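**Q** Got a structure for you, questions after.
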Amino acid sequence: MKTLPLTTKDFTWVKMTPAQMKKKADEYIVHKKKVYGEIKKILPENRTFLNTLYALERCDDSFESFFSKMGFLSEVSTKKEVRDAATEIATELSSKLVDIEYDRDLYISLVEYYEGNFADEKKTLRKEDIKLLEETLREYRRMGFDLPTEKQKRLKVLLKKTSTLSISFRKNINDYQDYILCTEEELAGLSPRFVATLPKHTDGRYIVSLQYPHIFPFLAEATNRKKREELSLKNLKKGGAKNLKIIEELVKLRHEIATILGYKHHADFRVETRMAKTAKAAEDFQNSLLKTLAPLAKEDVKILQAHAKTLDIKKLEHYDISFVATSLKKKLYDLDPETVRAYFPLEHVKKELFTLCENLFGIVIAEYSVPLWHKDAKMYQINDQDGTLVGYFTLDLFPREGKYGHACMVDVIVPHEHGYRTDEYIAPLASMICNFPTPTKKVPSLLSLSDVETLFHEFGHLLHMTLSRARLESQAGANVAWDFVETPSQIMENWVWDKEVMKKLSCHYETGKQMDDAMIERIIKGKTFQNAYFYTRQLIQGKLDLDLHTGKVKDARAAYRKMNKMYFNVELPEKETLFPAGFGHLVGYDAGYYSYLWALVYACDAFGSFKTKGNKNVMTNTEVGMKWRREVLEKGSSEDEIKLMKNFLGREPNQKAFLKEVIGK
Ligand SMILES: [Zn+2]
């Protein structure tokens, strides 16, 4: 397959005006309706894969990813009127699209083909074509289109209700504002840099809110125990009592929906389209990790209890954990984050990351000059080592007003074949958005260790999106099962923690020196610190999420307190603990919190192959790198993800590497 190159002309969209967007959005809707209409009109006996399913799959071709380009501009454009218009038009457009796509007649068209001409055509179709057909039909069935009219009506009512309640649940969390007030003395232990970011109340005291940039450092470093308790108790109430009612109602509604659709419970409904396939598989996965980690987590807590005594804390309470852990970590590993940061100038880390990926995955990365949306944004081209074009990506790495505030990857153009079974391939364009420290005239952008991990993580998504060779757009790049999508990104984080790689990544911005071995060793040793506690916490939240949606738990609040007592011997106050009222994942990630760890376990397992297979180290193991590229990154979801993993590993996946990586045993 020959990848079609992009030219400067293909980037005029970065200058799109609100009026042009509006015009194109209107044309898009008209076009979409027309294509849907044409598909529905075909007589059953004339239906083919091409005129029915493929026509649906490729419906947007003439719009050259307009929708995702506009969505992208809403995050990065330097012009407020463009960002606002893009957001507004995209929201409007997506609700119109739902109306068009929620079409029972279209489902009937697909069924006509499936029950008719498909039988004859099947032997000439490709595996991925058949997968697409079956999964598309399943999606429509999951919307209830094959149900009797009465049930469909009921379903619509329930879906509307859940959607309204979901919005309220999220809003109650986002709008939940609370804070404590502290005098200068009450901020003892916190860095002057942090204190300078705190707003002041009219009475002159400092405001410490429940927002992450406030609460995390405060609970980790403030020596004033009373104040930590005060803030912690407020945080336990996050979401408010009304969210407890909402979640109870949501769980009931979700259960009824799942039952109408023929599932045992909501968890089975949600997990069906993921790698785990059934709620039981997700539960088994969690339980087996919990069995190993829970006793180790208890040890972790005991270690904290012992250290707490040296800090004059007689009984370790929930508001002490982060503080005591931070203090112990400092004592054991003696690491000052600012000192570490000086060793990771962004430009150097980026250069080394590129070299690493070039070596491992057989690619060449070169800058490609084209005018983009801002001077900070840079474009790159990926080629194979023989010079053949593979794809493109952009990096937009520094904060600026109005830009998306976290780190993410956007697949602006998802690659696919240029027409059924042609030899031409539409080139991918993936865009990374990050917010690393802005360089100044004197000091370059210096990354913290977690920034370095973020860069590697997002670059993993980027490789998944750009190295794809899947033929169908809906199966290409990062269009994979939800509990697998973080595997190609999390695997990349492992390199950061390899001793040799970390050494190469480091280059002191003033002296140009690499980190010495002792420092690297201290950092790497610190990696597994309190990990059993950390992951057990994640597991009990995942368990709560699944138990709620399989019906095993009715009173989530009581269950959460009970698990904290059981696993950590930590007492959460009955009155104040409203968790899960503030557990945002219960909407959107419902029955899906397990996915983070699920994907991580696969990532660690796969990374193990780079260490053990072939006689090269993790930096130069091209043989395994190429296998990862060919068997996993290139395939997208054109085959089942579990099959990709087995093909890559040459065996069944397991949890051993994960346990070794995160706990060190
Ligand atoms: Zn990610």
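No lab work stands behind these numbers, since they all come straight from the coordinates. Every value quoted in this text rests on a predicted model; they were computed, and no experiment measured them. Quick reminder, even Gly has a Cβ in these numbers, built from the backbone with ideal geometry, and neighbours come from all protein chains shown.
**Q** Rank the residues Trp373, Trp482 as a footprinting-exposure proxy: fewest other Cβ atoms within 10 Å of their Cβ go first. Provide the component values of the computation, followed by the final result.
**A** Details: Trp373 22, Trp482 17.
Fewest-to-most ranking of Trp373, Trp482: Trp482, Trp373.
**Q** Tell me, what is a quarter of the convex hull surface for the C-alpha atoms of the stretch 379-456, in nm² with one decimal?
**A** Reported value for the Cα convex hull: 7.6 nm².
**Q** I'd like the antiparallel share, as a percent to the nearest 5, of DSSP beta bridges with both residues in the chain.
**A** 75 percent
**Q** Hey, another quick one. Given the Cα-Cα distance of Lys80 and Leu147 and 0.36 nm per residue of separation, how much length would full extension add, in nm?
**A** Taking 0.36 nm per residue and subtracting the Cα distance, the gain is 19.5 nm.
**Q** Also, quick follow-up: Computed over the Cα atoms, what is the radius of gyration of the stretch 164-205 divided by 2.2 N^0.38 Å, N being its residue count? Write down the numbers at each step before the final one.
**A** Working: Rg = 15.4 Å, N = 42, 2.2 N^0.38 = 9.1 Å.
Working it through for the stretch 164-205, the quotient is 1.69.
**Q** What do you get when you divide the Cα radius of gyration of the stretch 11-91 by 2.2 N^0.38 Å, with N the number of residues?
**A** It is 1.35.
**Q** Over the chain, what portion of Cα pair distances is larger than 35 Å, expressed as a whole percent?
**A** 48 percent
**Q** Return the lysines within reach of Lys562: Cα separation strictly under 16 angstrom, same-chain partners fewer than 8 residues apart disregarded; answer none if there are no such residues.
**A** Lys298, Lys543, Lys552, Lys554, Lys575
**Q** Of His266, His406, how do they rank once you tally other Cβ atoms within 10 Å and put the fewest first?
**A** In order of increasing Cβ crowding within 10 Å: His406, His266.
**Q** Going down the list Lys245/Lys314; Lys226/Lys660; Lys200/Lys238; Lys96/Lys151; Lys69/Lys96; Lys96/Lys280, which pairs span over 26 Å between their C-alpha atoms?
**A** The pairs that break the limit, which is 26 Å between Cα atoms, are Lys245/Lys314; Lys226/Lys660; Lys96/Lys280.
**Q** Can you tell me the mean projection area, over all orientations, of the convex hull of the stretch 486-572's alpha carbons? Units nm², please.
**A** Computing the convex hull of the Cα atoms and averaging its projections yields 8.7 nm².
**Q** Within the stretch 482-565, list the trypsin sites (Lys or Arg not before Pro) lying in a DSSP loop whose Cβ has at most 16 other Cβ atoms in a 10 Å radius. Could you put the intermediate results ahead of the total?
**A** Numbers: sites: Lys499, Lys503, Lys504, Lys513, Arg522, Lys525, Lys527, Arg537, Lys543, Lys552, Lys554, Arg557, Arg561, Lys562, Lys565; in loops: Lys513, Lys552, Lys554.
Filter output for the stretch 482-565: Lys513, Lys552, Lys554.
**Q** Further question on the same structure: Report, in deg cm²/dmol and to the nearest 500, the calculated mean residue ellipticity at 222 nm for the chain, where each DSSP H run with n ≥ 4 adds -39500 (n - 2.57) and the sum is divided by the residue count. Write down the numbers at each step before the final one.
**A** Numbers: 26 runs with 355 residues, N = 665.
It lands at -17000 deg cm²/dmol.
**Q** For helix 127-142, what angle does its Cα long axis make with the longest principal axis of the chain, in degrees from 0 to 90 and rounded to 10?
**A** So the helix axis and the longest Cα principal axis differ by about 70 degrees.
**Q** Ok, one more. Thr326 to Cys408: FRET efficiency via 1/(1 + (r/R0)^6), r the Cβ-Cβ distance, R0 35 Å, to the nearest 0.05?
**A** Values: r = 28 Å, r/R0 = 0.80.
FRET efficiency, Thr326 to Cys408: 0.80.
**Q** Once every Cα of the stretch 297-395 carries one equal point scatterer and solvent is ignored, give the base-10 log of I(q)/I(0) from the Debye formula at q = 0.19, 0.21, 0.23 Å⁻¹, two decimals.
**A** Normalising to I(0) and taking log10 leaves -0.92, -1.05, -1.16.
**Q** A further question follows. Extension gain Asp175-Met1, at 0.36 nm per residue separation less the Cα-Cα distance, in nm?
**A** Roughly 57.6 nm would be gained on extension.
**Q** Still on this structure: How much length would be gained if the chain were fully extended between Glu115 and Glu338, taking 0.36 nm per residue of separation minus their Cα-Cα distance, in nm to one decimal?
**A** Computed gain between Glu115 and Glu338 is 73.8 nm.
**Q** For the stretch 129-231, state the average projected area of the convex hull of the C-alpha atoms over all orientations, rounded to one decimal in nm².
**A** Hull-based average projected area comes out at 11.8 nm².
**Q** Which order results if Ser95, Ser637, Ser450 are arranged by neighbouring Cβ count within 10 Å, fewest first?
**A** Fewest to most other Cβ atoms nearby, the residues stand as Ser95, Ser450, Ser637.
**Q** Taking the Cβ-Cβ separation of Val30 and Glu101 as r and a Förster radius of 22 Å, what is the calculated FRET efficiency to the nearest 0.05?
**A** 0.90
**Q** Still on this model: Under a crude label model (7 Å from the Cα following the beta-carbon direction), how far is Lys441 from Thr612 in nanometres?
**A** My value for the distance between the label points is 5.5 nm.
**Q** Roughly how tilted is helix 80-101, in degrees to the nearest 10 and between 0 and 90, from the longest Cα axis of the chain?
**A** 50 degrees
**Q** Tell me which trypsin sites (Lys or Arg not before Pro) from the stretch 171-237 have a DSSP coil assignment and no more than 16 other beta carbons within 10 Å of their own.
**A** Listed in order of number, the matching sites are Arg205.
**Q** Still on this structure, I have one more. Measure nothing fancy, just the Cα-based angle from helix 225-236's long axis to the longest principal axis of the chain, in degrees from 0 to 90, nearest 10.
**A** Helix 225-236 sits at roughly 20 degrees to that axis.
**Q** On to the next question. Please report, to one decimal in angstroms, the Kirkwood hydrodynamic radius of the stretch 38-146 built from all distinct Cα-Cα pairs.
**A** With all distinct Cα pairs of the stretch 38-146 included, I get 15.9 Å.
**Q** Trypsin sites (Lys or Arg not before Pro), restricted to the stretch 378-434: which are DSSP loop and have at most 11 other Cβ atoms within 10 Å?
**A** Arg421
**Q** For the stretch 350-395, compute Rg over Rh where Rg is the Cα radius of gyration and Rh is the Kirkwood radius from the inverse mean 1/r over Cα pairs.
**A** The Rg/Rh ratio comes out at 1.00.
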